Amino acid sequence: MSLHDAQQFPVRVLGGPTALFEYGGLRFLTDPTFDGPGDYPSSGPVLTKTAPSAGNPSDLGTVDVVLLSHDEHADNLDKSGRALLADVPLTLTTPGGAERLGEKAKALTDWGSVELNRPDGGTITVTGVPAIHGPGAREEIEPITGQVVGFVLTGEDLPTVYVSGDNASLDAVKEIAERFAPVDTALLFAGAPRFPVLFDGALIVLDSAQAAEATRILGARRVVPAHYDSWAHFTEGRDELEAAFTAAGLADRLDWGRHA
């Protein structure tokens, strides 16, 4: 599939980790966050939102499936996002998140999958893929920052789509690439978030250079960056992403997801 073909479905990035796209006739929303700017307490550091979302739940229309990388941090699921889940038929998330969120939520483990019926016939397969929200082995990271899951969407005559969630591990990206590369569209969470009190200030999600490297590993034909703006803990934004992709010779892969 050419890059042009991979871009046939638009992705609308709404700020932070929240993006809306239609795929195989179903409408998917990632990590819903629509609350206003301000301070949000968490089990760890206070999270500070610095800019409003570029949309609100009433603007979205029908949402068929929420892809929720994790439910434990306000920059991935906030109060208005939780309220929206009540109106969505299915939320796919981590095993812990599915227990906390109730009957409309379904757990995806690594390489576990669900099949969704397409309105015009056929199915979409959503596969859970590894994500590690910090530097190091999962068993060391999850007790501190929690479980996270990524997603790969596939279907007959459809592009392969990867949604990374809050992942800091290029080793995880390599595992995903072994099974699914080349990827047509990668929605990569980046922003180089750091907290001095967590992991000695090490990255808890990809930085810009790592996002470019993930693009190369995945053979991704299009990259829609997400979760690099609107929060104070991001240390790199659009300028750094553009510079890193340009340095890697991958600038033509970037799609900023504002056109839909």
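Values in this text are rule-based calculations from the coordinates and carry no lab data. This is a predicted model, so every value here is computed, not measured. FYI the Cβ positions are ideal-geometry reconstructions off the backbone, even for glycines, and counts take in every protein chain you see.
Loop exposure criterion: GluC sites (Glu not before Pro), DSSP state outside H, G, I, E and B, at most 11 other Cβ atoms within 10 Å. Applied to the chain, the longest stretch between such sites is 157-260.
Within the chain, the percentage of alpha carbon pairs spaced more than 23 angstrom apart rounds to 46%. If a/c stays under 1.5 just call it rounded; otherwise compare a/b with b/c (prolate if a/b is bigger, oblate if not). Do that for the range 66-131, with a ≥ b ≥ c from the square roots of the Cα gyration tensor eigenvalues. Here the range 66-131 falls in the oblate category.
In the calculated pair-distance distribution of the range 2-115, the portion above 21 angstrom amounts to 39 percent of the Cα-Cα pairs. Each Lys or Arg adds one and each Asp or Glu takes one away; over the other residues whose Cβ falls under 15 Å from the Cβ of Leu85, this sums to -3. Take every Cα-Cα pair in the range 159-260 and report what % of them are more than 24 Å apart. For the range 159-260, the share of Cα pairs beyond 24 Å comes to 17 percent.
Using all alpha carbons of the range 109-200, what is the percent of pairwise distances in each 10 Å bin, ordered from the shortest bin to the longest? Computed distribution, short to long bins: 16, 45, 26, 11, 2, 0.
Karplus-derived 3J(HN,Hα) values for the range 121-138, using 6.51 cos²θ - 1.76 cosθ + 1.60 with θ = phi - 60°, are x, x, 9, 10, 9, 10, 10, x, 10, x, 8, 10, 8, x, x, x, 6, 4 Hz; glycine and proline are entered as x. Distance between the modelled labels on Ala54 and Glu99, one decimal in nanometres: 3.7 nm (7 Å Cα→Cβ projection). Listed by Cβ neighbour count within 10 Å, with the fewest neighbours leading, Tyr23, Tyr40, Tyr162 appear as Tyr40, Tyr23, Tyr162.
Near Ser42, within a Cβ-to-Cβ distance under 9 Å, what is the net charge of the other residues, with Lys and Arg +1 and Asp and Glu -1? Before the final figure, lay out the partial values.
Numbers: positive: none; negative: Glu72, Asp75.
Once all neighbours under 9 Å are counted, the net charge is -2.
Can you give the log10 of the normalised intensity I(q)/I(0) at q = 0.18, 0.21, 0.24, 0.33 Å⁻¹, computed with Debye over equal Cα scatterers of the range 15-62? With no solvent term, the Cα-only Debye profile gives -0.64, -0.78, -0.92, -1.29.
For the range 10-249, what is the charge dipole size about the Cα centre, in debye to the nearest 20, if Lys and Arg each add +1 at the Cβ and Asp and Glu each add -1 at the Cβ?
Numbers: 17 positive and 34 negative charges, 58 e Å.
Rounded to the nearest 20 debye, it is 280 debye.
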